[in-house]
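The values are calculated or read from the model by the stated rules, or taken from the named source; none is laboratory data. Computed from a predicted structure; not experimentally measured. Neighbour counts run over all protein chains shown; Cβ positions are idealised from the backbone, glycine included. Side chains are part of the model used for accessible areas, which takes the heavy atoms of the whole protein and leaves out ligands, DNA and RNA. Shrake-Rupley method; radii C 1.70, N 1.55, O 1.52, S 1.80 Å.
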Amino acid sequence: MTLLREAIGDSLRRARLAQSRTLREVSTSARVSLGYLSEVERGRKEASSELLAAICEALDVPLSRVLWDVSTAIAGEDVPAAAPAREPAEAATSAEPAAEPAAAEPATAAASAVTGTRTQVDGETRIVIPAPTNGPLVLVEAA
């Protein structure tokens, strides 16, 4: 299991090396000590959001890009090797029998999602939407 600080450090180091820049150049530009930046890149120090923003600005890399890299790296570790993840469309059309729902409400919610009707969801229900596995994340403003 990779720690978040290690994944962030790896992403920052890859960005710096891709630009062929030294730790000294980036630390000077970000106004962070050379030793501290080195510790962050090696995953030894937990960087604050302000520090991450300064480093990303010095690297001219959006913080959202670093976080995207980190989330995809960590998500890749969460997928078990024995059971490869299927695409949502493939999973929906699969001929394999689905696991039996624990209660009637989840089945009703799934059926209403297919038919386009709305169902009331109580406060105890958790809805998990998996992150996309390919391409950049696109944020869309609500109308």
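Report whether or not residue 39 is open to solvent by 80 Å² or more (accessible area, probe 1.4 Å), over 16 Å from residue 73 (Cβ atoms) and of a type in the set (Asp, Glu).
No.
Name the residues in region 42-66 that are β-branched (Val, Ile, Thr) and open to solvent by 20 Å² or more (accessible area, probe 1.4 Å), would you?
61
Restricted to region 63-77, and to residues that are more than 19 Å from residue 22 (Cα to Cα) and more than 9 Å from the chain's Cα centre (by Cα), which residue is modelled with the lowest pLDDT?
This residue is 77.
Which of the numbered conditions does residue 69 fail, given that it passes all the others? Conditions: (1) open to solvent by 70 Å² or more (accessible area, probe 1.4 Å); (2) under 23 Å from residue 1 (Cα atoms); (3) charged (D, E, K, R).
Failed condition: (1).
Step by step: first the residues of region 78-91, then only those that are outside any loop (DSSP other than H, G, I, E, B) and open to solvent by 80 Å² or more (accessible area, probe 1.4 Å), then the one that is modelled with the highest pLDDT. Which residue is that?
If we take residues in region 78-91 being outside any loop (DSSP other than H, G, I, E, B) and open to solvent by 80 Å² or more (accessible area, probe 1.4 Å), then 78 is modelled with the highest pLDDT.
So is residue 22 surrounded by fewer than 19 Cβ atoms within 10 Å (Cβ to Cβ) and under 15 Å from the mean Cα position of the chain (by Cα) or not?
So residue 22 fails the test.
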